Amino acid sequence: MTAIDPALDGTGRREGRRPATQVVLETEDVVVAYGGVQAVAGVSIDVRAGEVVGLIGPNGAGKSSFLAALGGQQRVASGHVRLDGHDVTRLPVHRRAALGIARTFQMTSEFGGMTVFENLMAAGVGVEGASLVNVVFRRGQQRELDRRVRGRVWEVLERFETTPIADLYGRELSGGQRRLVEIMRALMRSPKVLLLDEPMVGVAPHLVRRLVSDLKSLRDDGIALVIVEHALEVVQELCDHVNVMGLGRLIASGTYDEVVQDAAVQAAYLG
Ligand SMILES: Nc1ncnc2c1ncn2[C@@H]1O[C@H](COP(=O)(O)OP(=O)(O)O)[C@@H](O)[C@H]1O
Ligand SMILES: [Mg+2]
């Protein structure tokens, strides 16, 4: 390897280029319909290991619907979603999660009544409900799972330097801490692909920097990130590749600098 290349940024990543890694997630002509209306009208993208792919576009463009189609929360009317070349289009959320697709969720009031540690335990056993946490804490055959998941909880807490907040309740967290815990929950099962829908909402500006650097460190670990984000300075800083949606379709795709100069993108944002 060349020792010094001015085109590389601090992480050894070539500015403005996608990494030459394998495609982990791929869609082909994905359609999401609500009743007769196509919110996503045939979108094809690919996502490589260790890159951050941005998904931007005006309100109502279909970004959240598309992300949900990737995660399995939203039914795909036609088209395909592939993970590592395997068609997962018809697989339910939990099967996709087991194969390595994770999505962050905003913590509901239910999770506010659990500590950060319990939140992570719940996510680690692949259940979303607080009542099911009891299953994990049950004696007997659950003990091995309990031990394994606890180990992973500590790993994740240490990784994000959040052991000091492990015993805080969800409702006691700041906006930024909540977003971080949501990301940590999604990481409990060591995903290959992490889907994030506007993870910076409600985060104080100084904590946005922290979250951005946390997301970069996940990318550097080889995780692929797909992020819907309206703060363009975050997209510019974080995304290796940006897809722009408008009215359910992909209207541009490229580096941040390329897509913001695109006439169709400018027209879509101006409405
Ligand atoms: N559950 C739903 N039922 C019916 N229409 C929906 C539903 N969710 C979203 N839509 C519609 O689909 C379109 C795309 O929405 P969405 O995916 O939320 O876009 P974005 O995230 O880009 O703002 C919008 O017109 C929205 O009103
Ligand atoms: Mg949305």
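Quick rundown of the values:
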quantity	calculated
Selection count where residues are within 17 Å of the chain's Cα centre (by Cα), surrounded by 21 or more Cβ atoms within 10 Å (Cβ to Cβ) and on the phi < 0 side of the Ramachandran plot, scope region 72-82	1
Residue check, ALA39 under 28 Å from ASP257 (Cα atoms) and either assigned to a helix (DSSP H, G or I) or within 13 Å of ligand 1 (Cβ to nearest atom) (or both)	yes
Cβ pairs under 6 Å, 6+ apart, first in region 192-210 and at pLDDT 90 or above, second charged (D, E, K, R)	LEU195/ARG103; PRO199/ARG179; VAL203/ARG179
Condition met for ASP240 (charged (D, E, K, R) and surrounded by 17 or more Cβ atoms within 10 Å (Cβ to Cβ))	yes
Residues of region 221-230 satisfying the condition of being away from ligand 1 (no atom under 12 Å from the Cβ) and surrounded by 17 or more Cβ atoms within 10 Å (Cβ to Cβ)	ILE223, ALA224, LEU225, VAL226, ILE227
Near pairs, Cβ below 6 angstrom, 6+ apart or cross-chain, from region 144-165 (closer than 12 Å to MET184 by Cα) to any residue that is among the hydroxyl-bearing types (Ser, Thr, Tyr) and assigned to a helix (DSSP H, G or I)	LEU157/THR163
Region 154-198 - residue that is farther than 28 Å from VAL47 by Cβ and aromatic (Phe, Trp, Tyr) and, of those, nearest to ligand 2 (Cβ to nearest atom)	TYR169
Helices (runs of 4 or more DSSP H) contained entirely in region 155-271, each with at least 2 residues that are in the same structural domain as ALA41 (by TED's automatic domain parsing) and touching a helix residue (DSSP H, G or I) at 6+ places or on another chain (Cβ under 9 Å)	205-220, 232-238, 256-260, 263-270
Criterion (basic (Lys, Arg), more than 15 Å from VAL52 (Cβ to Cβ) and in contact with a strand residue (DSSP E or B) (Cβ under 9 Å, 6 or more places away or on another chain)) met by exactly one of ARG178, ARG189, ARG209, ARG219	ARG189
Hits in region 42-88 (condition: over 16 Å from GLU26 (Cβ atoms), among the small types (Gly, Ala, Ser) and within 16 Å of ligand 2 (Cβ to nearest atom))	GLY54, GLY57, GLY60, ALA61, GLY62, SER64, SER65, ALA68
Residues within region 155-176 that are farther than 17 Å from LEU218 by Cα and either buried (at least 18 other Cβ atoms within 10 Å of the Cβ) or not charged (D, E, K, R) (or both), tallied	11
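The values are calculated or read from the model by the stated rules, or taken from the named source; none is laboratory data. Every value quoted in this text rests on a predicted model; they were computed, and no experiment measured them. Cβ atoms come from the backbone with ideal geometry, glycine included; neighbour counts cover every protein chain shown.
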